[in-house]
Amino acid sequence: ATPTALLTGTGRGAQLGILIKGPQILESTRRVDTVVLDKTGTITTGEPVLTHVLTAGALSEEAALKAAASVETGSEHPVAAAIVDGARARDIETSQITGFTNLPGQGARASIKDTEVTVGKADLFDEVPAELRAELDAGRGTTVLVGWEGTARAAITVADTPRETSAAAVARLRELGLTPYLLTGDNEHTARRVAQEVGIDPAHVEAGVLPQDKFARVRALQGQGKVVAMVGDGVNDAAALAQADLGMAMGSGTDVAAESADIVLMRSDVGAVADAIGLSRKTLRVIK
Ligand code: ADP
Ligand code: MG
C-alpha cells in the first residue's frame with residue numbers, strides 16, 4: 001500500500017467527519033465483518049425523557065421523583081439527566097445530597113439528610129414490590145427503581161429513542177455485508193424494542209451487560225473468528241473499544257471513549273460507521 005493513497009483516504013475521511021488516527025487503521029477497517037453497536041448514545045440519541053413514575057404503597061409520585069432527582073444531580077448518566085430534567089419540568093426542587101456514589105452500569109446512591117437513597121437497577125435492592133417488578137417488565141422504556149433501607153419504593157421510566165438516521169445506517173451496514181450487533185447495559189425489553197426499530201436481529205442483541213463485561217463480549221465474538229468493530233460513546237465502552245479490532249467513538253460522547261478508539265465519528269450518526277468502512281474498502285482497492 002502506498003502511503004500517499006492511504007493519506008488521501010484519511011483526508012477524505014476528515015471531509016466526511018471521520019477522524020482516522022493513522023493511515024494503517026484503514027487496513028483493519030477493511031477486514032471487519034461484525035459491527036457491535038452500543039445502544040445508549042450510539043443507536044439512540046442518549047437523551048431519554050421521563051415518561052412514567054409509579055410508586056408502591058403510600059409514597060407520592062412527587063416525593064419519589066424528588067428523592068431520585070436529588071441523587072441524580074450527582075450523576076452524568078443520560079438516565080440521570082432525564083430524571084433531573086423531568087423533576088425540574090414538574091417544578092420539583094431537589095434536596096441537598098451528601099456522599100454521592102456512582103455505581104457504574106447500575107445506578108447511583110447518595111444520602112438525603114440521614115437516609116441513604118439508591119436509584120438504579122433491581123439488583124441494588126433487597127426487596128422489590130410486585131407492582132414495581134411488573135413495571136420493570138412492561139418494556140415501556142428504561143425503568144429504574146428508587147428506594148431506601150433496602151426496599152424499592154418507586155419505578156421511574158425514561159424512554160430513549162433511536163436517532164432518525166439509525167435504521168438506514170444499520171441497513172447500509174448489512175449492504176456492506178456486515179453483521180450488526182446491539183450491546184447494552186440496559187434491560188432486555190428495551191434492547192429488543194430498539195433492535196427491532198432499527199432492524200437488528202433479536203439473536204444479535206446482548207442486553208444487561210455490565211461495563212466490565214462489554215469488553216468480554218467483544219472478545220467472545222473475536223473468539224468465534226469474527227473481526228469486530230465496536231462503536232460506542234461512553235466511559236463504559238472504553239475497554240471494549242480498545243479490545244475491538246477497530247474501535248469507533250461517537251464524537252458526541254466522552255473523551256475517554258474517543259481516546260480508546262481508532263476512529264472518531266464527528267457526526268452523531270451510525271451512518272458514519274458505514275461511510276468509514278466503505279471509504280477504507282474504496283481506498284485500498286485504488287491502492288491494489
Ligand atoms: P448503556 O450500555 O446502554 O450505555 P449503562 O451501562 O451506562 O448503559 O447503564 C446500564 C443501566 O444501568 C441503565 O440502563 C440503567 O438502568 C442503569 N443505570 C446506570 N447509571 C444509572 C444512574 N445514574 N441512575 C439510574 N440508573 C442507572
Ligand atoms: Mg452508551
Notebook entry, point to check: Among G177, A261, G147, whose Cα lies farthest out toward the positive end of the dipole of the chain, if unit charges sit on the beta carbon of Lys, Arg (+1) and Asp, Glu (-1)?
Noted result: G177
Checklist line | Convex hull of the stretch 49-159 built on C-alpha atoms - directionally averaged projected area, nm² | finding: 6.0
Checklist line | Efficiency of FRET between Q222 and T51 - r from beta-carbon atoms, R0 35 angstrom, step 0.05 | finding: 0.40
Margin query: From the mean inverse distance of alpha carbon pairs (Kirkwood) and the Cα radius of gyration, derive Rg over Rh for the stretch 34-91.
Written below: 1.10
Next item on the list: Sort out the exposed loop GluC sites (Glu not before Pro) in the chain (DSSP loop, at most 13 other Cβ within 10 Å) and tell me the longest stretch that has none.
Entry: 165-288
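Could you tell me how many cubic angstrom of Cα convex hull volume the stretch 1-111 has per residue?
164
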Next item on the list: Per residue of the stretch 166-182, in order, report the coupling 6.51 cos²θ - 1.76 cosθ + 1.60 (Karplus, θ = phi - 60°) as ³J(HN,Hα) in whole Hz, putting x for Gly and Pro.
Entry: 5, 5, 5, 5, 5, 4, 5, 4, 4, 4, 7, x, 9, 9, x, 10, 10
Margin query: With an 8 Å Cα cut-off and a minimum separation of 6 or more residues, compute the relative contact order for the chain in percent.
Written below: 24
Checklist line | Pairs of lysine residues in the chain - Cα separation under 21 Å, sequence separation of 8 or more or cross-chain | finding: 8
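Let me spell out the model: positive unit charges on the Cβ of Lys and Arg, negative unit charges on the Cβ of Asp and Glu, origin at the Cα centre of the chain. What dipole size does that give, in debye rounded to 20? Spell out each step's value before the answer.
Numbers: 28 positive and 37 negative charges, 303 e Å.
In total the dipole reaches around 1460 debye.
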Next item on the list: Return K113, K282 ranked ascending by Cβ neighbour count within 10 Å, so the fewest neighbours appear first.
Entry: K113, K282
Item checked: Two-decimal log10 I(q)/I(0) for the chain, as the Debye equation yields it once each C-alpha is a single scatterer, q = 0.14 Å⁻¹ -> -0.94
Notebook entry, point to check: Where does helix 61-72 land angle-wise versus the long Cα axis of the chain, in degrees 0 to 90, nearest 10?
Noted result: 50
Item checked: Modelled FRET efficiency - R0 22 Å, E93 with T115, Cβ distances, 0.05 increments -> 0.80
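The numbers here are math on the coordinates, done by the rules we state, and not lab data. Note that this is a predicted model, so its numbers are computed, not measured. No Cβ is skipped: glycine too gets one built from the backbone with ideal geometry, and neighbour counts run over all protein chains shown.
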